[in-house]
Amino acid sequence: QVQLVETGGGLAQPGGSLRLSCAASGFSVRTASMAWYRQAPGKEREFVAQITPGLSTIYADSVKGRFAISRDNDKNTVYLQMNRLKLEDAAVYYCYTPAGGFWGQGTQVTVSS
């Protein structure tokens, strides 16, 4: 049974940092592309970042240079390190794998001074 569980959301100030985690079960993140998406209130869900089995990464222009996606094969977990947070980064962040189209339940990120 495939499951994705996100943790690490919370409140951060503008300019601050948070690290999100996505713990996967039922498959290996080492052999699957993994991605982060986000959805702000009243907006559509949008792509944030992706990492491939070969460790290639791509980022949305809005987060390039500030966010970093990575994975730990031993922990079967994917991370999203978010630095220099902006007010517009506030959203529910979702973990996703195109391999089967599975989504996590999401974790809330709030950016406020």
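What to note about this one:
- The chain - Debye-derived log10 I(q)/I(0), Cα point model, q = 0.17, 0.19, 0.22 Å⁻¹: -0.73, -0.91, -1.21
- Surface composition of region 42-113: carbon and sulfur make up 48 percent of the accessible area, probe 1.4 Å.
- Accessible solvent surface per residue of the chain, calculated while the other protein chains remain in place, 1.4 angstrom probe, Å²: 52 Å²
- The chain - percent relative contact order, Cα under 8 Å, separation 6 or more: 37 percent
- Set of lysines near residue 86 by C-alpha distance (under 16 Å), chain-local residues within fewer than 8 positions excluded: 64
- Of 15, 100, 65, the one that fluctuates the most in a GNM where the chain has Cα springs shorter than 10 Å: 100
- ³J(HN,Hα) computed for each position of region 90-96 - Karplus, 6.51 cos²θ - 1.76 cosθ + 1.60, integer Hz, glycine/proline x: 5, 4, 8, 9, 10, 8, 8
- Region 68-101 and region 1-57 have their alpha-carbon centroids 2 Å apart.
- For region 1-75, a crude dipole built from +1 on the beta carbon of Lys and Arg and -1 on the beta carbon of Asp and Glu, taken about the Cα centre, is about 80 debye to the nearest 20.
The values are calculated or read from the model by the stated rules, or taken from the named source; none is laboratory data. Everything numeric here is computed off the predicted structure, so don't read it as measured data. As a convention, Cβ positions derive from the backbone with ideal geometry for all residues, glycine included, and neighbour counts pool all protein chains shown. These area figures cover heavy atoms from the full protein model, side chains too; ligands, DNA and RNA do not enter into them. Shrake-Rupley method; radii C 1.70, N 1.55, O 1.52, S 1.80 Å.
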